[in-house]
Structures are given as structure tokens and as C-alpha cells.
Amino acid sequence: MFKLPEKQFNNQKWINVIALFFLLAVTWGITFNSGGMFTAPVQKTLGVARSEILMTFTYKGVAMVIGTILTGVLLKKFKVLNVMRVGGIVLFINYILMSRITSLPQYFFVSSMHVLGTTMT
């Protein structure tokens, strides 16, 4: 008779899943889902209209498409862990740059780079 193969529980795979879940929670969930809270303060600090700040979401969408394609190309050429490391470095630099923004174009650029780093991680 046909016998189903026995499943083995692999701890390393589940550790990877949990680690990636927390990575996404920190890099994606917190920063993207809480972005709306910062619209008014950033708008006030930069002295621009709300509609100009909300254009950031358009730029983030474009950056996500470009970042996904770029990440796909990088994953074909380099190891996954190396691409994730570069993405982490981009995010680290990005968080520092976010605290030093003084104009709207800088805000657009740094927000777009944030999406790129998140996509790579």
C-alpha cells in the first residue's frame, strides 16, 4: 500500500521564519503603517502643503516597483544574505538621513531609498 512520507520538524526553518517575521515587522510594518502619524508634523516642519507630503506615497510605490526588479536582479547575481545585508545597511543610513531632512525633495528621495532598503531586506 501507499505510505505517506513522515514529516520532520526542522527547527532551523522555523527560526528563519520567525526571524524574517520580526525583520518585516521592524522594517516594513512599523515604518510604513505608522507613516500617517508623521504627515502633519513633517508638513509643519518643512512648511509644505499636505498634498505635497502625500505625494511621498506615489514615490514610494514607484520605488517599490524599481526596488523589486533591482532586488530580483541582485538575487540572481549574489547570495541572498549579502543582498539582505546591503538592504540593512541602506536602511540604517536611511534612518540617520531621515533625521536630517530639511526640504521636500530630500524627503522624497530618502523615503524612496527607504523602500529600496526594505525591499532588499
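The values are calculated or read from the model by the stated rules, or taken from the named source; none is laboratory data. Given the structure is predicted, the values throughout are model-derived calculations rather than measurements. Here Cβ is always computed from backbone atoms with ideal geometry, including for glycine, and neighbour counts include all displayed protein chains. Side chains included, ligands, DNA and RNA excluded: accessible areas come from the protein's heavy atoms. Shrake-Rupley method; radii C 1.70, N 1.55, O 1.52, S 1.80 Å.
The helix-only estimate of mean residue ellipticity at 222 nm for the chain, built from DSSP H runs of length n ≥ 4 each weighted as -39500 (n - 2.57), is -24000 deg cm²/dmol after division by the residue total. Couplings 3J(HN,Hα) for segment 104-121, derived from phi with the Karplus relation 6.51 cos²θ - 1.76 cosθ + 1.60 (θ = phi - 60°), are 5, x, 4, 4, 4, 5, 5, 5, 5, 5, 4, 5, 4, x, 5, 4, 5, 7 Hz, where x marks Gly and Pro.
Basic side chains Lys and Arg get +1 at the Cβ, acidic Asp and Glu get -1 at the Cβ, and with that the dipole of the chain about its Cα centre reaches some 320 debye. So if a site counts as exposed when it's one of the trypsin sites (Lys or Arg not before Pro), its DSSP state isn't H, G, I, E or B, and it has at most 15 other Cβ atoms within 10 Å, what's the longest stretch of the chain without one? Here the longest segment lacking exposed loop sites spans 8-78.
One chain, two ends: Met37 and Ala25. Fully extended at 0.36 nm per residue, the span grows by 2.6 nm beyond their Cα-Cα distance. Using a probe of 1.4 angstrom and keeping all protein chains present, the accessible surface of the chain works out to 74 square angstrom per residue. A Gaussian network model of the chain, with springs between Cα atoms under 10 Å, assigns the largest mean-square fluctuation among Val65, Val17, Val83 to Val17. Full extension of the segment from Leu74 to Leu46, taken as 0.36 nm per residue of separation minus the current Cα-Cα distance, would add 6.6 nm. State the label only: which of (i) 52; (ii) 68; (iii) 43 corresponds to percent of Cα pairs over 20 Å apart computed from the shown model? Answer label, from the structure shown: (i).
Applying the Karplus relation 6.51 cos²θ - 1.76 cosθ + 1.60 with θ = phi - 60° to segment 67-73 yields 3J(HN,Hα) values of x, 5, 5, 4, 5, x, 5 Hz, where x marks Gly and Pro. Remark on segment 76-116: ratio of C-alpha radius of gyration to 2.2 N^0.38 Å is 1.34. For the chain, the longest piece that avoids every one of the chymotrypsin sites (Phe, Trp or Tyr not before Pro) found in DSSP loops with at most 15 other C-beta atoms within 10 Å covers 10-77.
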